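The values are calculated or read from the model by the stated rules, or taken from the named source; none is laboratory data. All of these numbers come straight from a predicted model, not from anything done at the bench. Neighbour counts are summed over all protein chains in view; Cβ atoms, including those assigned to glycine, are modelled from backbone coordinates with ideal geometry. To get the accessible areas, we keep the full protein, side chains included, count just its heavy atoms, and leave off ligands, DNA and RNA. Shrake-Rupley method; radii C 1.70, N 1.55, O 1.52, S 1.80 Å.
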Amino acid sequence: MTTTADQVGHLHTPPEIGGIGHSVRRHEDDRFIQGAGNYVDDIELPGMLHMAILRSPVAHAKILSIDTSEATALEGVVAVVTGELMAEHNLAWMPTLSGDTQAVLATDKVRFQGQEVAAVIATHPYIARDALGLIFVDYEELPAITSPQQAMADGAVLIRDDKEGQADNLAYEWESGDKDVTDRAFAEADKIVSLETHYPRSHPSPLETCGAVADVDPASGQVTIYMTSQAPHAHRTVFALVAGLPEQNIRIISPDIGGGFGNKVPVYPGYVIATAASLLIGKPVKWVESRTENLISTGFARDYHMKGELALNSEGRILALRTEILSDQGAFFADAQPTKFKAGLFHIVTGSYDYPAAHVVARGAYTNKAPGGVAYRCSFRVTEASYMIERLVQNAAYDIGMDPAEFRALNFIKPEQFPYHSPTGFVYDSGDYETAMRKALGIVDYEALRKEQAEARAEGRLIGIGMASFTEVVGAGNSKDYDILGLKMFDSAELRVHPTGKAILKLGVKSQGQGHETTFAQIVAEELGIPAGDIKVLEGDTDNTPYGLGTYASRSTPVAGAATAMISRTLREKARKIAAHLLEASADDLDWEPGKFFVKGSPEQSVTIQDVAFAAYTNPPPDEQPGLEGVHYYDPPNMTYPFGTYVVVVEVDAETGEWNVDRMIAVDDCGVRINPMIVDGQIMGGLTEGFAAATNQFITFDDEGNCIGSNFMDYLVPTAWETPRFELDETVTPSPHHPIGAKGVGESATVGSPAAYVNAVIDALAHLGVRNIDMPLLPDRVWSAIQNATG
Amino acid sequence: MYPPAFNYSAPTSVEEVLATLAKEGEGARVLAGGQSLIPMMKLRLASPSYLVDINDVDGLDYITDVNGHVAIGALVRHNDIVKSELIGSTNHAMTDAAPWIADPIVRNRGTVCGSIAHCDPEGDWNSVMLAARAEVVAQSAAGERVIPIDDFIVDFFTNSLEPGEIVKEVRVPKYTGRGGGAYVKLERKIGDYATVGVATQLELGDDGKIAKAGIAMTAVNSKNTRAAAAEQVLVGETPSDELFREAGNAAAQASEPETNVRGTEEWKREVVSVYTRRGLETALAQAQAQA
Ligand SMILES: Cc1cc2nc3c(=O)[nH]c(=O)nc-3n(C[C@H](O)[C@H](O)[C@H](O)COP(=O)(O)OP(=O)(O)OC[C@H]3O[C@@H](n4cnc5c(N)ncnc54)[C@H](O)[C@@H]3O)c2cc1C
């Protein structure tokens, strides 16, 4: 499955140049497949010490005392850090990315199991861990609140008694859309379809856990932090603000990152403690958390309790949507999301459908669980939104006796309606939803499949066909609407072409496996005609790259990719002037084809981009600055709106509730595909994560607030063995406002696929009257649904 | 993750292994495939003071056809069972179960005897061994003794070895008549322990009636458990759908599953019943296929 054409239907560059549309092999894989990547845990510095964190065994308790004397006495232990010590330096608390506060090391209470209580710095990682067992903490346990419903109930114990003016466990309240118009539409509806469901708490669980090596030079005050960060520039600014360190003395380096998925967007206590320890001790300090620490304490995702309703008229047209969310935020409100939007971009919940009214109410509650609410491979709660609307739409079709595909077709936003203004304020840039859906249905042979389903039912076999026709919103900002802690969501690219025609591209974003070193080189190759293999892409070092907000929410290609195209074009215009100088022609008389300028009408009179680069340093035009480099800061005019249709076919074992995916078809439209192979890889990864969410993956808690799902035997990450085989295809509807017509694609499949899998199982049971099973669709839940439906 | 400190040696003979165990006493543990012990140490759930690694001992990786049984040595890995033709032709339940154990990486390293010794109620081998009525050969500096599997499995994570004893081999009886077996396992993903597992074994008499039956369950009791009443349902009877259903229900009654993150008690019982029936169907088909 490869793309061979861009929007114009042909490739602009030959394979030697490898511009847009070529499945260039990933440059970064040379080192990765040789095991020669360089991750935070690979960093070794002279005199480096090791840190381990003591975490709370209980979910909610007052700390009466902490006795560190035995730990401190253990040979090899250099220091034991507690909240009290951090408080002396005003570092016991830090801001979250949602403007709340979070404890770095607990001083008053612990508020979730796994919370940071103390840290040991030792000469050896084993010693640091041995010493954890020698710290004795006296806890006075408090009742644990393990659900947002419990948190909001009258008389619930107050979790955030540290916050002035906080009288209850409400973390935020937010709404979007027009309530009156929506209520009126509901009053006039012929039919109302509703769904109540929970999108369970999950965890991005990157294979590399979080960690840092903090290296503070006591003499110069230079602070270098090697850190698992998806957003090194933003993190540097946060460090400057939190610790009051001069920003020019802080250098954050994100070396190779072993997966992020949103988990490496927040600033974690461990980074702060390691840095404070290095500052106090004057030696480098390494902290790398364990798998369990990553799962129980770092940014979780989802955990939305959702109610949704659709108002329909008698012809099956949607009139309005109403949803109400109660989110479980854990002990600290730490969603990573744009400031204005307290429920992220959940209000994109109107989906791919055209109707005039919608109203969204979202409330979040503090609970005694780990904080987070990170955008796990999604653009700020778009996954929850897409899940809600695609489940609702499928149920609506059953309830009015229409085929789910035809119901969607009837209600889709039509191609001629773009740019489309949604009732909650989004402006969808481009789309052709029905074409993508028909393509997916064609691949699976939908009509034949429905017949087969009917025949199977007659034999007592349960086959289900589910679909999702999702629309995403990715690539924040524009800076008018989108910022993180006030930092506007632009991004940047700095390009320098060296005398021999080789180039270095520096970006403010940071790959965690997405293939930036290849994709962004291809954009330069497309625009400047320099072979992609001659372009080095550098990211992740705040001293050596231009400012940017980082990589998450599918924003790198929409924002940094656009910046890359723009700076390449700027340099091409300068190159044109140099070429004119070399060819002794007027710049206006030159034509461009990738890699060379030639005099209009006489192609034999030409210079290559490499000739031009050399001349930029050896023979520049008299009226031009020497050199060939520049930087571009790109503030996107709008988000991009990738879409597609996923179709899943399952068979359910009626006796046990087990279910199997027989087919999974994904037709994606992300606009112009820069590297089709990498796009396919991104989609397959997301489809796998969607499969995980639908089948198995969740983090749950017992009544005491103990985390169930604290290792990979309990928190299940699918491997190639159990993952279905994916059948991929595409349509191409370019983004009209993006310089190369591309939309983000890193998350489409995580966002769109969970509903498709779940809808397939529901479809298998729909004739029994089943309309909901909460994710994950564990066999016992499916079995119970069948039992309850059949009595 | 970092285990606490421990001492270690890797003797090359069984005698040395036994002598070291005797010398190091209570805190010493045998290290076989390490696929259960090492994870427990990493999580600091186990902290042995001394590990006696048996992997360098020669001659413990045998699968031998002995009179009436197949002997499986202490260093036979799960994957050796996957590949063994001798097992393939003598015990269908073992052949069935082997590829369900963990994943290929763990199977290359983990041992059958280590798994049996470990007595994890979610481990698969002990159910198969119960269904087959296997015997464990225990050896110590003092000598050898043969322990029926029912007596070997004491409780969860508890076997009946005496201090200083190791499992030298396990003996799996061969069918005496036309036999067959199956292992049916419900797992959440590859490499997962069983949510429910059922081992079944049947032997048919010349009259086509069931002469011997073995049924045992994984992960639904505090240890791998024989469904004795279900076996009783079968012995002496002519196989039928009805009979197998009855056996399934009897097995479900003998199970004591807990509601947990994998599913409810009620559902697990149902799965035991269905899986027992399905396993017996497979076992019967295999037995009938033999001349
Ligand atoms: C990811 C993963 C998935 C797994 N999935 C499954 C599964 O699906 N089903 C399943 O059944 N198992 C599973 N296991 C466990 C695996 O099968 C182990 O290999 C097995 O349980 C133990 O065998 P071992 O040789 O690795 O023993 P070790 O880990 O070396 O030892 C386990 C215990 O037995 C003792 N011991 C070992 N050998 C002897 C001996 N000869 N005499 C006396 N004592 C001995 C040790 O001292 C220790 O206490 C899994 C393991 C992992 C890591």
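Restricting attention to the range B:79-111, report how many residues are within 20 Å of B:Gly279 (Cβ to Cβ) and either within 8 Å of the ligand (Cβ to nearest atom) or outside any loop (DSSP other than H, G, I, E, B) (or both). Please lay out each step first, then the result.
Here is the first cut: in the range B:79-111, the residues within 20 Å of B:Gly279 (Cβ to Cβ) are B:81-82, B:87-101.
Add one more test, that the residue is either within 8 Å of the ligand (Cβ to nearest atom) or outside any loop (DSSP other than H, G, I, E, B) (or both), and what stays is B:81-82, B:87-90, B:92-101.
Selection size over the range B:79-111: 16.
So which of B:Gly214, B:Gly181 is closer than 14 Å to B:Gln288 by Cβ, crowded, with 24+ Cβ neighbours inside 10 Å and either within 16 Å of the ligand (Cβ to nearest atom) or not hydrophobic (A, V, I, L, M, F, W, C) (or both)?
B:Gly181 is the lone residue from the list that is closer than 14 Å to B:Gln288 by Cβ, crowded, with 24+ Cβ neighbours inside 10 Å and either within 16 Å of the ligand (Cβ to nearest atom) or not hydrophobic (A, V, I, L, M, F, W, C) (or both).
Answer yes or no: is there a residue in the range A:323-336 that is more than 30 Å from A:Pro57 (Cα to Cα) and either modelled with pLDDT under 95 or among the basic types (Lys, Arg) (or both).
no
Residues of the range B:15-42 being within 10 Å of the ligand (Cβ to nearest atom), part of a helix (DSSP H, G or I) and closer than 22 Å to B:Asn108 by Cα, which ones?
B:Leu37, B:Ile38, B:Pro39, B:Met40, B:Met41
Given the conditions (1) within 14 Å of chain A (Cβ to nearest Cβ); (2) within 10 Å of the ligand (Cβ to nearest atom); (3) in a loop (DSSP other than H, G, I, E, B), and given that B:Pro48 satisfies all but one, which numbered condition is not satisfied?
All conditions pass for B:Pro48, except number (1).
What is the number of the single condition among (1) free of Cβ contacts under 8 Å to residues at least 60 places away in the same chain; (2) part of a strand (DSSP E or B); (3) surrounded by fewer than 21 Cβ atoms within 10 Å (Cβ to Cβ) that A:Val80 does not meet?
So the condition that A:Val80 fails would be (3).
How many residues are more than 9 Å from chain A (Cβ to nearest Cβ), more than 15 Å from B:Leu202 (Cβ to Cβ) and of a type in the set (Val, Ile, Thr) when one looks only at the range B:260-282?
So the answer is 1.
Hey, could you check the range B:158-197 for residues that are of a type in the set (Lys, Arg) and within 14 Å of chain A (Cβ to nearest Cβ) and say which is nearest to the chain's Cα centre (by Cα)?
Step one: list which residues in the range B:158-197 are of a type in the set (Lys, Arg), which gives B:168, B:171, B:174, B:178, B:185, B:188-189.
After this cut, where a residue has to be within 14 Å of chain A (Cβ to nearest Cβ) as well, the list is B:185, B:188-189.
Values: B:Lys185: 13, B:Arg188: 20, B:Lys189: 20 Å.
Among those residues, the one meeting the criterion is B:Lys185.
Please count how many residues of the range A:124-143 are within 14 Å of chain B (Cβ to nearest Cβ) and surrounded by fewer than 24 Cβ atoms within 10 Å (Cβ to Cβ).
Taking the range A:124-143 and keeping what is within 14 Å of chain B (Cβ to nearest Cβ), we get A:124-134.
Going one step further and asking which of them are surrounded by fewer than 24 Cβ atoms within 10 Å (Cβ to Cβ), we end up with A:124-127, A:129-130, A:132-134.
Residues flagged as within 14 Å of chain B (Cβ to nearest Cβ) and surrounded by fewer than 24 Cβ atoms within 10 Å (Cβ to Cβ) within the range A:124-143 amount to 9.
Would you check which residues across the range B:143-161 are open to solvent by 60 Å² or more (accessible area, probe 1.4 Å) and part of a loop (DSSP other than H, G, I, E, B) and list them?
B:Phe156, B:Phe157
Quick one: which residue in A:Ile567, A:Ile578 is touching a His at 6+ places or on another chain (Cβ under 7 Å) and among the hydrophobic types (A, V, I, L, M, F, W, C)? Talk me through it step by step, then tell me what you get.
Working: A:Ile578 fails: touching a His at 6+ places or on another chain (Cβ under 7 Å).
Matching residue, one of A:Ile567, A:Ile578: A:Ile567.
Any residue at all in the range B:51-61 that's out of contact with any strand residue (DSSP E or B) (no Cβ under 7 Å at 6 or more places or on another chain), open to solvent by 40 Å² or more (accessible area, probe 1.4 Å) and either within 12 Å of the ligand (Cβ to nearest atom) or modelled with pLDDT under 95 (or both)? Full working, then the answer.
Within the range B:51-61, the first condition is being out of contact with any strand residue (DSSP E or B) (no Cβ under 7 Å at 6 or more places or on another chain), and the residues that meet it are B:55-59.
Cutting the leftovers down to open to solvent by 40 Å² or more (accessible area, probe 1.4 Å) gives us B:56, B:58-59.
Now drop any that are not either within 12 Å of the ligand (Cβ to nearest atom) or modelled with pLDDT under 95 (or both), which leaves none.
So far as the range B:51-61 goes, no, none of its residues is out of contact with any strand residue (DSSP E or B) (no Cβ under 7 Å at 6 or more places or on another chain), open to solvent by 40 Å² or more (accessible area, probe 1.4 Å) and either within 12 Å of the ligand (Cβ to nearest atom) or modelled with pLDDT under 95 (or both).
From the set of residues in the range B:69-78 that are more than 12 Å from the ligand (Cβ to nearest atom) and touching a Lys or Arg at 6+ places or on another chain (Cβ under 6 Å), which is farthest from B:Ala132 (Cα to Cα)? Lay out the reasoning, then the answer.
Applying the first criterion (more than 12 Å from the ligand (Cβ to nearest atom)) to the range B:69-78 yields B:69-71.
Filter again for touching a Lys or Arg at 6+ places or on another chain (Cβ under 6 Å), leaving B:69, B:71.
Details: B:His69: 10, B:Ala71: 13 Å.
The residue in question is B:Ala71.
So, B:Ala117, is that one in contact (Cβ under 8 Å) with a residue 60 or more places away in the chain, in the same structural domain as B:Pro163 (by TED's automatic domain parsing) and either more than 10 Å from the ligand (Cβ to nearest atom) or open to solvent by 40 Å² or more (accessible area, probe 1.4 Å) (or both) or not?
Working: in contact (Cβ under 8 Å) with a residue 60 or more places away in the chain: yes; in the same structural domain as B:Pro163 (by TED's automatic domain parsing): yes; either more than 10 Å from the ligand (Cβ to nearest atom) or open to solvent by 40 Å² or more (accessible area, probe 1.4 Å) (or both): no.
Taking the combined requirement at face value, the residue does not satisfy it.
Quickly run through the range B:242-291 and pick out the residues that are out of contact with any strand residue (DSSP E or B) (no Cβ under 8 Å at 6 or more places or on another chain) and of a type in the set (Val, Ile, Thr).
If the condition is that a residue be out of contact with any strand residue (DSSP E or B) (no Cβ under 8 Å at 6 or more places or on another chain) and of a type in the set (Val, Ile, Thr), then B:Thr259, B:Thr264, B:Val274 are the ones that fit.
Checking B:Ala250 against (1) within 14 Å of chain A (Cβ to nearest Cβ); (2) assigned to a helix (DSSP H, G or I); (3) open to solvent by less than 40 Å² (accessible area, probe 1.4 Å): exactly one of these is not met. Which one?
For B:Ala250, the failing item is (1).
When residues of the range A:145-161 are filtered for being in contact (Cβ under 8 Å) with a residue 12 or more places away in the chain and open to solvent by 20 Å² or more (accessible area, probe 1.4 Å), how many remain? Before you say what the answer is, go through the steps one by one.
Residues of the range A:145-161 in contact (Cβ under 8 Å) with a residue 12 or more places away in the chain: A:145-152, A:156-157, A:159-161.
Now restrict to residues that are open to solvent by 20 Å² or more (accessible area, probe 1.4 Å): A:146-147, A:149-150, A:152, A:156-157, A:161.
Selection size over the range A:145-161: 8.
Right, A:Tyr226: open to solvent by 10 Å² or more (accessible area, probe 1.4 Å) and either over 27 Å from A:Lys506 (Cβ atoms) or not assigned by TED's automatic domain parsing to the domain that holds A:Leu392 (or both) or not?
Numbers: open to solvent by 10 Å² or more (accessible area, probe 1.4 Å): yes; either over 27 Å from A:Lys506 (Cβ atoms) or not assigned by TED's automatic domain parsing to the domain that holds A:Leu392 (or both): yes.
Against the criterion (open to solvent by 10 Å² or more (accessible area, probe 1.4 Å) and either over 27 Å from A:Lys506 (Cβ atoms) or not assigned by TED's automatic domain parsing to the domain that holds A:Leu392 (or both)), A:Tyr226 qualifies.
Answer yes if at least one residue in the range A:286-299 is open to solvent by less than 10 Å² (accessible area, probe 1.4 Å) and on the phi > 0 side of the Ramachandran plot, and no otherwise.
Taking every residue of the range A:286-299 in turn, none turns out to be open to solvent by less than 10 Å² (accessible area, probe 1.4 Å) and on the phi > 0 side of the Ramachandran plot.
In the range B:120-149, how many are more than 14 Å from the ligand (Cβ to nearest atom) and within 14 Å of chain A (Cβ to nearest Cβ)?
0
Just checking: which of the strands (runs of 3 or more DSSP E) contained wholly in the range A:283-340 hold 1 or more residues that are within 18 Å of the chain's Cα centre (by Cα)?
Details: elements: A:285-288, A:301-312, A:318-330.
Result: A:301-312, A:318-330.
Residue by residue through the range A:761-787, note down the ones that are touching a residue at least 60 places away in the same chain (Cβ under 8 Å), within 14 Å of another protein chain (Cβ to nearest Cβ) and in a loop (DSSP other than H, G, I, E, B).
The answer is A:Asp774, A:Met775, A:Pro776, A:Leu777, A:Leu778.
Looking at (1) within 10 Å of the ligand (Cβ to nearest atom); (2) open to solvent by less than 30 Å² (accessible area, probe 1.4 Å), which is the one condition that is false for B:Tyr193?
All conditions pass for B:Tyr193, except number (2).
Can you tell me which residues in the range A:693-723 are within 9 Å of another protein chain (Cβ to nearest Cβ), open to solvent by less than 30 Å² (accessible area, probe 1.4 Å) and not in a loop (DSSP other than H, G, I, E, B)?
A:Thr695, the sole residue that qualifies.
Results for (1) under 26 Å from A:Asp215 (Cα atoms); (2) β-branched (Val, Ile, Thr), shown as yes or no for each residue.
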site: A:Phe112; (1), (2): no, no
site: A:Val117; (1), (2): yes, yes
site: A:Ile121; (1), (2): yes, yes
site: A:Ala128; (1), (2): yes, no
site: A:Gly133; (1), (2): no, no
site: A:Leu142; (1), (2): no, no
site: A:Gln149; (1), (2): no, no
site: A:Ala156; (1), (2): no, no
site: A:Ile159; (1), (2): no, yes
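Which of (1) within 16 Å of A:Gly464 (Cα to Cα); (2) surrounded by fewer than 24 Cβ atoms within 10 Å (Cβ to Cβ); (3) touching a residue at least 40 places away in the same chain (Cβ under 8 Å) does A:Asn660 not meet, given it meets every other one?
Result: A:Asn660 fails condition (3) only.
Do we find that B:Lys168 is in the same structural domain as B:Gly73 (by TED's automatic domain parsing), farther than 14 Å from B:Leu284 by Cα and within 11 Å of the ligand (Cβ to nearest atom) in this structure? Spell out the reasoning first.
Numbers: in the same structural domain as B:Gly73 (by TED's automatic domain parsing): yes; farther than 14 Å from B:Leu284 by Cα: yes; within 11 Å of the ligand (Cβ to nearest atom): yes.
In short, yes.
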